[in-house]
Structure formats: C-alpha cells, structure tokens
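Below is one structure; the comments refer to it alone.
The values are calculated or read from the model by the stated rules, or taken from the named source; none is laboratory data. Note that the structure is a prediction, hence the values are computed from the model and not measured. Methodologically, a virtual Cβ is constructed for each residue, glycine included, from the backbone with ideal geometry; neighbour enumeration extends over all protein chains shown.
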C-alpha cells in the first residue's frame, strides 16, 4: 500500500520542482512603464500633464483619467520613490508570472486607487502611481498565499511587506504632523510660496484602494503553481468583492452629487488651469498617490 505521507511529500517535491523550472519572463512591462513615466516627468510640463491626465474631481466623466493618473507625478522627488519601488517589486513578479499578468494587476490597482479617491477624497486632484506600488506589494502577499508550499523566502517577503508598511505610515505621519502642520500655521509669503505649493497630501484613499484591488486581482491574474480546491472558492469570493465594490462606488458617485465639485462638461482646459494653479499655490487641492 502507498504511504499517504510519502505521497504528499512526493507531490510537494514535484510542485516545487515545477515552480523552480517553469519559464522565466523578461520584465518588459515594468521597465517600459517606468521609462514612460520618467520621460513624461522630465520632458513634459507637469502642469500640462496634470491638466490632461491627472484625476480631476470636476472631470470625473473623462474616464481615461482613472488610469492616466499613473503617468503624472508632482516632480522628480515624487517620481523616483515610486519608480524605484515598482521596479523592485514588479520585476520579481513579472519574471515569475509574465508581463500580461502583472500589467493587469498594475492597471487594476491604479483604477482601484482612483475609484477610492472618488469616494474618500471627492474634491481633491490626484497624481502618481503609488496605488500601483501598493497593489504590487500586496500582490507579493497574494503570491505567497497562493503558492505557500513552493515559494522561496516567503517569511523574508512578509518581513519586507511589514517594513514597507511601517516605513510608509511613519513617513506619512512625519510629513503630516511636523511638516504640513508647520506650513499650515505659517502665512503664505513670497519666500515660502514654492514650499507651500509643494505641500501635497498623501492619498491614503488611493493607497488603500490600490492595495485592496491589487491583492484581490492577484488571486485571479497570477499563476498558481499549486492546485487546491480552495483556490477556486477564493477566486469566486474575489470576483464577488470586486464586483460589489465597483457597484457601490458607481452608485455612490451617482447618488451623492452634492459631495462633488461642479462637473465641467467642456474642454476649456485653459480656465481649468487658472483655477487649478490658484488652488495649488494655496496647497488646497493636490494629493499624491
């Protein structure tokens, strides 16, 4: 008779061997999107990019903005950490799972972050790709859970995830408590106008939306190197949660018009630019994703 324990060990060994010998993929998507973001930030006017591609609370009907927000950053100091983190996180995933799967997770995370902004910060402009970075980070967690018995260094990955979240919370508190408060209590003068203009608020809604969306979509998009029945049930649950969340956000946007700024049903971006610039200099409108 076959020893069940020996059979289980043998199966796990085969699965691990399959994991270690499966094809590896070149990270075209992560390198490509990082290159595009860098070129746009360096070569194109930030104001023009924000005007056309950022999340604009007065132009929620311009649907491309929910994704193109990832192409706009509040200067190099905002861009560099995002690009660095997404390359460190995304390249590893893309090598394991291929470009198409990681592109789905990345773009879904951006969309989720933008949709969460419409509910939790409905009157704020938003720029950046941090929602995607959070989605990639929690995609690592999804990968570990999906392939617990075959993933190498899983506790190291979990530790990095914990350290990243801790660092992000600590740095956000530092900026909010020590830097932004200091700027709030000081009147805006010519000497500190540029500093006030650069005072943008972290988009916690975008981070949360990106993390949750990336986590759930990863269970649907990433490869599964283990074949377990519970994975199918989990996928159904993820589809249900994503669908319910999207329907709720859509209905919230439709049924609560008083929470939003007046919609600009036009393409007169020059007037929008004047309003945007005036509010931005006062530090009123911009949040960084």
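Observations on the structure shown:
- Out of 34, 45, one residue alone is out of contact with any strand residue (DSSP E or B) (no Cβ under 7 Å at 6 or more places or on another chain) and at pLDDT below 90. It is 45.
- Qualifying helices (runs of 4 or more DSSP H) (wholly inside segment 178-229; at least 2 residues being modelled with pLDDT of 75 or more): 204-221
Rundown of residues vs (1) at pLDDT 90 or above; (2) touching a helix residue (DSSP H, G or I) at 6+ places or on another chain (Cβ under 9 Å); (3) within 19 Å of residue 34 (Cβ to Cβ), yes/no style:
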{"position": "79", "(1), (2), (3)": "yes, yes, yes"}
{"position": "109", "(1), (2), (3)": "yes, yes, yes"}
{"position": "115", "(1), (2), (3)": "yes, yes, no"}
{"position": "119", "(1), (2), (3)": "yes, yes, no"}
{"position": "127", "(1), (2), (3)": "yes, yes, yes"}
{"position": "140", "(1), (2), (3)": "yes, yes, yes"}
{"position": "150", "(1), (2), (3)": "no, yes, no"}
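- Enumeration of residues in segment 47-70 that are in a helix (DSSP H, G or I) and surrounded by 21 or more Cβ atoms within 10 Å (Cβ to Cβ): 50, 69, 70
- Pick from segment 88-106, criterion in a helix (DSSP H, G or I) and surrounded by fewer than 20 Cβ atoms within 10 Å (Cβ to Cβ), ranking: farthest from the chain's Cα centre (by Cα): 95
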